[in-house]
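Each remark here refers to the structure printed beneath this line.
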Amino acid sequence: MSRGKSASPLAKVRGLGSAGEGGEHWLYERFTSVALVLLSAWLAYALFTLPDLNVGTLQAWLASPLGAVPMALFIVTSFAHGLDGLKVVVDDYVHVEGNRIALHFILNMIAIAGAALALFALAQIAFGA
């Protein structure tokens, strides 16, 4: 079947569907969204139930497993979800393949560096600097 200039619009797009691709991405996006809603609710509840928000109280809270572990999950999930969203924007609006690959690489490096820095700071607080 020809998809050239003489092909109808339907013929041009027929067979160009997801072909099994994209479903995992959609599910991953929804999973991280739900996880972030739950973790954000946990964070808001935890901060509201603390007696005060001074540095000592926050350090003690983040030094406990009930503070540090969900906070680490929140950091990883938020960077993964943000990276995923930015990659979709790049895929939708950058049409030159080389530029798209370069931007994906840059976004990956920024997300990894940001998450590593945040996790390092959390570890310093949790285990004492």
| Packing-based exposure ordering (other Cβ within 10 Å, fewest first) of ASP91, ASP52, ASP84 | ASP52, ASP91, ASP84
| remark: Among ILE106, LEU122, LEU38, the residue whose Cα sits farthest towards the positive end of the charge dipole of segment 19-127 (+1 at Cβ of Lys and Arg, -1 at Cβ of Asp and Glu, taken about the Cα centre) is LEU122
| task | Find how much the distance from LEU50 to LEU66 grows on full extension, using 0.36 nm per residue of separation minus their present alpha carbon separation; answer in nm with one decimal. | result | 4.5 nm
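What is the extension gain from ASP84 to ALA123, computed as 0.36 nm multiplied by their sequence separation minus the C-alpha to C-alpha distance, in nm to one decimal?
Contour length minus Cα-Cα distance gives 11.5 nm.
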| said: Working only with C-alpha atoms, what are the Rg and Dmax values of segment 19-127, expressed in angstrom? | reply: 17.1, 54
| message | Can you tell me the length gained on complete extension of the stretch ILE101 to GLU24, counting 0.36 nm per residue apart and subtracting the Cα distance? | response | 25.7 nm
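Read-outs: derived from the displayed coordinates by stated rules, not from any lab. Here the structure is a predicted model, which is why all the values come from computation and not from measurement. Here Cβ is always computed from backbone atoms with ideal geometry, including for glycine, and neighbour counts include all displayed protein chains.
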